[in-house]
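The values are calculated or read from the model by the stated rules, or taken from the named source; none is laboratory data. Source: prediction; values computed, not measured. Cβ atoms come from the backbone with ideal geometry, glycine included; neighbour counts cover every protein chain shown. Please note that ligands, DNA and RNA were not included when accessible areas were found on the heavy atoms of the full protein model with its side chains. Shrake-Rupley method; radii C 1.70, N 1.55, O 1.52, S 1.80 Å.
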Amino acid sequence: MKQTPVVVALAGSMRDGSYTRAALRHVLDAAEQRGAETELLDVREYDLPVFDPDEDEPPEATELKRKIRDADSVIWGSPVYHGSYSSAFRNVHDYCSFDEYEDTTVGLLTVAGGGSFASTLDHMRVTARGVHAWVLPHQVGIRNARDKIEDGEIVDESIEERVRKLGEQAVEYAFIHPDVTAPDAGVDEETADPEGQQAEADADD
Ligand SMILES: Cc1cc2nc3c(=O)[nH]c(=O)nc-3n(C[C@H](O)[C@H](O)[C@H](O)COP(=O)(O)O)c2cc1C
């Protein structure tokens, strides 16, 4: 029997009327329509203190991390704050590590009040690499948010399309097994990595 993919979305805005949260709901709707089990993880519902490695982990963080670890795909959503992601998003992320994201597919979405979101998506992408997530090339940036989302609905057709595609791809690539040197991948290990460069790169992590 085919396994049901689990897709969760992490909403990194504390704002009541958050456009990011609204957009993520549309991503999850699309994922659900493709057969996924979905859940929105809203930072407001997890009363997390600023991450402090010297403190014991609060139970809320343990619960949130378990949900992320159990997911096959995680969609990250953050508002654009000063050309980057929000501290609320980042705080959740600092509680997480390879254990949550190794072999996990991640999709990126950001929402800007103004006109520019590229640096936020870049920062999220680099951060995902830091926990060994597999990030979808397709990503969503929404500029001038108040013109694109009204009462929780996306009123711009092309944005709606991009948002839905993110949810669909989160399902399509939920079980990605990207080890190109695996025997059934049909790739000769020496040809794939003649100088052992990957082993060296892994040692740097
Ligand atoms: C602290 C702060 C910094 C912001 N920085 C930017 C920015 O650099 N560029 C931009 O376009 N909008 C910026 N905004 C506007 C937010 O991106 C915008 O309000 C967005 O809709 C917030 O997402 P949300 O609706 O999910 O909370 C900023 C807002 C705040 C509160």
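Would you be so kind as to identify which of GLY113, SER73, VAL43 lies farthest towards the positive end of the dipole of region 6-191, taking Lys and Arg as +1 and Asp and Glu as -1 on Cβ and the Cα centre as origin?
Selected residue: GLY113.
Show me 48-60, 74-86, 155-167, 6-18 ranked by packing, highest mean number of other Cβ atoms within 10 Å first.
Final packing ranking: 74-86, 6-18, 155-167, 48-60.
Write down the accessible area per residue of the chain in Å², having rolled a 1.4 Å probe over the full set of protein chains.
Normalised by residue count, the accessible surface of the chain is 56 Å².
Counting only protein heavy atoms and using a 1.4 Å probe, what share of the accessible area of the chain belongs to carbon plus sulfur, as a whole percent? Kindly include the intermediate steps, with their values, before the conclusion.
Values: 5240 of 11390 Å².
For the chain, the apolar C and S fraction of the accessible surface comes to 46 percent.
Hey, what angle do you get for helix 118-130 against the long axis of the chain, alpha-carbon based, 0 to 90 degrees rounded to 10?
40
Over the Cα atoms of the chain, what Rg and Dmax result, in angstrom?
Values for the chain (Cα only, Rg and Dmax): 17.7, 56 Å.
Does anyone have the angle between helix 157-172 and the longest principal axis of the chain? Alpha-carbon axes, 0 to 90°, nearest 10?
With both axes taken from Cα atoms, the answer is about 40 degrees.
Calculate, in nm to one decimal, what GLU45 and LYS67 gain on full extension: separation in residues at 0.36 nm each, minus their alpha carbon distance.
The span from GLU45 to LYS67 would gain 6.6 nm if fully extended.
Output the relative contact order of the chain, whole-number percent, from Cα pairs under 8 angstrom with separation of 6+ residues.
With pairs under 8 Å counted, the relative contact order is 24 percent.
Roughly what % antiparallel, to the nearest 5, for the DSSP beta bridges in region 6-191?
On the way: 3 of 27 bridges.
Here the antiparallel bridges make up roughly 10 percent for region 6-191.
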